[in-house]
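The values are calculated or read from the model by the stated rules, or taken from the named source; none is laboratory data. All figures in this text were calculated on a predicted structure; none of them were measured in a lab. Cβ: placed from backbone, ideal geometry, glycine included. Neighbour counts: every protein chain shown. Ligands, DNA and RNA are stripped out before the accessible areas are found, and what is left, the full protein with its side chains, is counted by its heavy atoms. Shrake-Rupley method; radii C 1.70, N 1.55, O 1.52, S 1.80 Å.
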Amino acid sequence: MKTRLQSLWDEVSPEGGPCPQPDRKSVRRRVDAALDQKARALHPWRAVRLAAICAAALVLLTGTALAAGALLPEYNVLRAFFGRGENAPGAEGLVNAQPISVSDENYTLTVTSSISDGSMFYLTVLLQGKTPQAAAYLQEPGFSSDLLSLWAAPLDSADNIARWGMCYAACDYRNYDPDSSTWSVNVRGNNPGGADCMVSLRCSKMEEGLRLTFPTQAAPTIVLDIGREGPGLDPYAFEDSIAGSVTLNRITLSPLSLRAEFTSPDDSPPIPLLHFLWKDGSVSPARQMGIRGGASGFRHVGAGELWQLDETWTLSSVQDLSQMEAVVFGGLAYPLDGGAPYAVDVDALPQHELAP
């Protein structure tokens, strides 16, 4: 017969299975250490406290699962896209981990986790072949070309087909078992709708018109108007080196990404040299935050000889913007709270060298 705890677990865990239990020996060791390090047998009354601790741990476990709607799968968007640093506390709360699926006779397409902001979507997807023919196709070299496509529309106008926009989507297919008929796919796409959106994902091998459509809630963003010329960084160098200048017009910063709108006279322009000031007094160079290499986004020729760029970088880990003081560019710090810019000694700021 199911316990109440097992029933709660069945409701919130898409994988099912037995409800995880705290390690009683580990809890017992911590209780002993917190009391007086004596053997538990000398304190029979500890059994009552131990039971209370186990109950509290399970309440926290199921409470967190209920609040999030589902527990994060082992492989999720935080691990796939934001694993190059330590994620801020509460990052899991930004993830939608309620799996949704669509199937036809040949394939099953499942979104296992998603996260977004006003600039980008990040999805982890499973694509499974249900028939021998479908499984064989998934094992063919080069099958992944143009297999998945992504659209988005503002949440308040998703019923207006004219508002749906095609997303630029980069798909990274991973199959750790060459004999498996299931592929894991990391999907990253630009958000043409901005803010909260409806997203639609389609596999070109599935029935016409069959797609996964679901809402996303965007992480909060901060927009800083800069309008200042400053140094540009060589995006391909192994260490920070000035490679010209750019005029940075605007920055859009979220816990997940940084979007920069800037102009340059160079058709292969440098990227803005940025630093991030934290309220505890520490400083993060841009490359430590994930701003490196060739940028994503779109580029077009503006008036005259200037190139106008709109580039978005995925940060190396999810950031807690409430702990960030300002973004520094061209000798000025621009506070995230909208305060007036103030001068900063750029020469005193740390530089960051990239590993080859």
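Counting only other residues whose beta carbon sits under 10 Å from that of L109, what net charge do I get with K and R as +1, D and E as -1?
Around L109, the surrounding residues sum to +2.
Taking 0.36 nm per residue of sequence separation and subtracting the Cα-Cα distance, how much length would be gained by fully extending the chain between R163 and E74, in nm to one decimal?
Extra length from R163 to E74 when fully extended: 28.6 nm.
When all protein chains stay in place, what accessible area (Å², nearest 10, 1.4 Å probe) is found for R188?
70 Å²
Distance between Cα centroids, the stretch 107-123 to the stretch 201-217: provide it in whole Å.
Cα centres, the stretch 107-123 to the stretch 201-217: 11 Å.
Would you mind calculating the gained length between R174 and Q133 on full extension (0.36 nm times residue separation, minus the Cα-Cα distance), in nm to one decimal?
12.8 nm
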